[in-house]
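Below: one structure, written as structure tokens.
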Amino acid sequence: GQQLNQSPQSMFIQEGEDVSMNCTSSSIFNTWLWYKQDPGEGPVLLIALYKAGELTSNGRLTAQFGITRKDSFLNISASIPSDVGIYFCAGQDAGNMLTFGGGTRLMVKP
Amino acid sequence: EPEVTQTPSHQVTQMGQEVILRCVPISNHLYFYWYRQILGQKVEFLVSFYNNEISEKSEIFDDQFSVERPDGSNFTLKIRSTKLEDSAMYFCASKIDRGVWSNQPQHFGDGTRLSIL
């Protein structure tokens, strides 16, 4: 099946620092999505990317859909304690199922 | 903002018993999904459902699993004879439709934690 490689697996940063995480795939996806999951909750959509090369921002978050449609990155600027959680990339194919990356666990030190 | 709701939040079941997990998708959504997340692992696709039939299913979704849309609002996942390895978080998701909205993202519920004893 399709595999998404997400890195890094975890990050421990100081409040105020910028964060960058990325996903790569051997397969092409039509849509790339970034979700955040807090403990005991479901994934919450952060950003959706629909076109190759697209760069989209949502507040302090910026994500890009790679030109090859096989990768994406997510940046968080000026991190704050509530950014703590697990961030997942997900690729959506023509069949509409989502393939998730392994997640990046973000920890922010005040 | 409309939400996907799931019940119960936590289900404890004896191995071999049947379990039904319930979901109420967002009301104008027509495409429904179940995903599974084993503790500490990534979210895995189980099944998608559209127009009252299964659209896609993964290898995980074997004969022990079934889905149903019993009425206009609920979407259920049934596991007929649970195994220890079925212990996981089960997430329901929905999205608006295919066609011109086919790229719309899926929205997830908060999940049901299934514990098999």
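Read-outs: derived from the displayed coordinates by stated rules, not from any lab. Note that the coordinates shown come from a computational prediction; the quantities given were computed from them, not determined experimentally. Please note: Cβ atoms are built from the backbone with ideal geometry, for glycine as well, and neighbour counts cover all protein chains shown.
Sequence gap at least 6, Cα distance under 8 Å: using those rules, report the relative contact order of chain B to the nearest whole percent.
38
Three principal axis extents, largest first, for the C-alpha atoms of chain A, in Å?
41, 28, 20
Which of the listed residues, A:N22, A:T99, A:G85, is farthest toward the dipole's positive end in chain A, when Lys, Arg count +1 and Asp, Glu count -1 at the beta-carbon?
Working it through, the farthest residue towards the positive pole turns out to be A:T99.
Roughly how big is the protein assembly as shown's charge dipole about its Cα centre, with Cβ charges of +1 (Lys, Arg) and -1 (Asp, Glu), in debye to the nearest 20?
160
Just tell me which aspartates and glutamates come within less than 12 Å, Cα to Cα, of B:K83; anything on the same chain fewer than 8 places away is out.
B:E18
Quick one: what do you get for the protein assembly as shown if you divide its Cα Rg by 2.2 N^0.38 Å?
Dividing the Cα Rg of the protein assembly as shown by 2.2 N^0.38 Å gives 1.01.
Give me the number: length gained by fully extending A:S10 to A:T68, i.e. 0.36 nm times residue separation minus the C-alpha to C-alpha distance, one decimal in nm.
18.3 nm
Got a sec? How would A:Y35, B:Y90, B:Y35, B:Y50 order by Cβ neighbour count within 10 Å, fewest to most?
Fewest-to-most ranking of A:Y35, B:Y90, B:Y35, B:Y50: B:Y50, B:Y90, A:Y35, B:Y35.
Please give the Cα centre distance for region A:1-36 versus region B:65-92, rounded to the nearest Å.
Comparing the Cα centres of region A:1-36 and region B:65-92, I get a distance of 29 Å.
Towards the positive end of the charge dipole of chain B, with charges on Cβ (+1 Lys, Arg; -1 Asp, Glu), say which of B:F45, B:S58, B:T112 has the farthest Cα.
About the Cα centre, the residue reaching furthest to the positive side is B:T112.
Determine which lysines satisfy two conditions relative to B:K57: a Cα distance under 19 Å, and not lying fewer than 8 residues away in the same chain.
Within the straight-line cut-off, B:K57 pairs with B:K42, B:K78, B:K95.
Relative to the compact-globule scaling 2.2 N^0.38 Å, provide the ratio for the alpha-carbon radius of gyration of region A:1-53.
On the way: Rg = 13.3 Å, N = 53, 2.2 N^0.38 = 9.9 Å.
Rounded to two decimals, the normalised Rg is 1.33.
Can you return the aspartates and glutamates within cross-link range of A:K51? Criterion is Cα-Cα under 16 Å, with same-chain partners fewer than 8 residues away left out.
Excluding near neighbours in sequence, the set is A:D71, A:D93.
Rule-of-thumb check for chain B: C-alpha Rg over 2.2 N^0.38 Å?
1.01
With a cut-off of at most 15 other beta carbons within 10 Å, and DSSP calling the residue loop, which trypsin sites (Lys or Arg not before Pro) in region B:8-103 qualify? Please list them.
B:R80, B:K83, B:R98
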